[in-house]
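Nothing in this text is a laboratory measurement; each read-out follows from the coordinates by a stated rule. Here the structure is a predicted model, which means the values were calculated and not measured. When we count neighbours, we look across all protein chains shown, and the Cβ atoms used for this are built from the backbone with ideal geometry, even at glycine.
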Amino acid sequence: MSDRELIAFMPVYNEEANIATVITEWLEAFARERIDARLLALNDGSTDATLKVLKQLQLQFPDQLFVIDKPNSGHGRTCRVGYDIALKDRVPWVFQIDSDGQCDPAFFSLFWAKRSEADCVFGKRIARDDGTLRTLIQVACRFLTMIATGRDLKDANVPYRLIKRSALQKALPSVPAEFDMQNVALTFALKRDPSLRWAYVPIKFRARQGGTNSINLPKIARMGWRMLLQINKVGG
């Protein structure tokens, strides 16, 4: 098995306006690095024409893009589906990104270059084009998870992350599948393993390129509260 193999996934919900551009630019980014990559598009019960667009793209990229249609369960639980599938695939590297165009492929080469020195390569959003409120939510998440876990998880919910399969295989079973904020819980589970090596790549988060933002402030507050109540069940 080659160290240049990768399985990437992105949860997709109502992104018909921009999903073709997002998928194309990511496949181009993988090609520039000469990576043997497969990209999973996890359609989370979209109600617009997203699935139709994805199936058309799959015909265009039959060896690289794989579309999985599933009932709506939310971003976090869809991420869990992606990680579970990736572990079954047995490829050495797993990469998670979002489908709204905010994850800029321009930073990917920096992630890929660090895989020889780290088991977990995470983005750290130092600038955002999606508004002050999102920046404040990011800061609050870091502060609250630090209180809840006693660890600085940095940008715990960042959806731009490269993880070695062996690290994921050890950490993921300790995360309850019913958690909504799977990204945060998985970050905590990985951080609890002292043997893992970490690297962070400073990134700029682009403004949403289109589509539907399925997260609003009341929903974020509810999910954050549940996360604080549940986070210490990780590994329990």
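For segment 131-195, the pair-distance distribution built from all alpha carbon pairs, in bins 10 Å wide starting at 0, is 20, 52, 24, 4 percent. In this structure, the amide hydrogen of Asp98, modeled 1.01 Å from its nitrogen in the peptide plane, lies closer than 5 angstrom to those of Cys103, counting only residues at least 5 positions away or on a different chain. Annotation: amide H-H contacts under 5 Å for Lys70 (H modelled 1.01 Å from N, sequence separation of 5 or more, or interchain): Asn43, Gly45. Protection proxy ranking for 131-137, 180-186, 29-35, using the average of other Cβ atoms within 10 Å per residue and placing the highest first: 180-186, 29-35, 131-137. Across segment 120-133, rounded Karplus estimates of 3J(HN,Hα) from the backbone phi angles (6.51 cos²θ - 1.76 cosθ + 1.60, θ = phi - 60°) give 10, 10, 10, x, 10, 6, 9, 8, 9, 9, 9, x, 5, 4 Hz, Gly and Pro being marked x.
Amide H contacts of Arg125: Ile203, each under 5 Å away and 5 or more positions distant or on a separate chain (H built 1.01 Å from N in the peptide plane; Pro and chain starts excluded).
Scaling the Cα radius of gyration of segment 30-187 by the globular reference 2.2 N^0.38 Å produces a ratio of 1.07.
Counting 0.36 nm for each residue step from Ser73 to Trp198 and taking away their Cα separation leaves a gain of 42.0 nm. Across segment 17-28, computed HN-Hα scalar couplings (Karplus, 6.51 cos²θ - 1.76 cosθ + 1.60, θ = phi - 60°) run 5, 9, 5, 5, 5, 4, 5, 4, 5, 6, 5, 5 Hz from first to last residue, x flagging Gly and Pro. Spin-label model, Lys233 to Gln58: label points 7 Å out along the Cα-to-beta-carbon direction sit 3.3 nm apart.
Excluding same-chain neighbours fewer than eight residues apart, the aspartates and glutamates reachable from Lys164 by a Cα-Cα span under 18 Å are Asp3, Glu5, Glu33, Asp36, Asp84, Asp89, Glu117, Asp119, Asp193.
With unit charges on the beta carbons (Lys and Arg positive, Asp and Glu negative) and the dipole taken about the Cα centre of the chain, which residue among Ile35, Val234, Gly123 sits farthest to the positive side? Selected residue: Val234. With a sphere of radius 9 Å drawn around the Cβ of Leu42, what net charge do the other residues whose Cβ falls strictly inside it have (Lys, Arg +1; Asp, Glu -1)? Within the 9 Å Cβ shell, the charges total -1. The trypsin sites (Lys or Arg not before Pro) of segment 144-209 that meet both conditions, a loop assignment by DSSP and at most 16 other Cβ atoms within 10 Å of the site Cβ, are Arg151, Arg192, Arg197, Arg206.
Taken one residue at a time, the phi angles of segment 59-66 give Karplus couplings (6.51, -1.76, 1.60, θ = phi - 60°) of 5, 6, 10, x, 9, 10, 10, 10 Hz. Gly and Pro are set to x.
Candidate cross-link partners of Lys124 among the aspartates and glutamates, defined by an alpha-carbon separation under 14 Å and a same-chain spacing of 8 or more, comprise Asp104, Asp152, Asp155. Beta-bridge orientation, the chain: approximately 20 percent antiparallel, per DSSP, counting only bridges with both partners inside.
Dipole magnitude for the chain: about 780 debye, using +1 per Lys or Arg Cβ and -1 per Asp or Glu Cβ, origin at the Cα centre.
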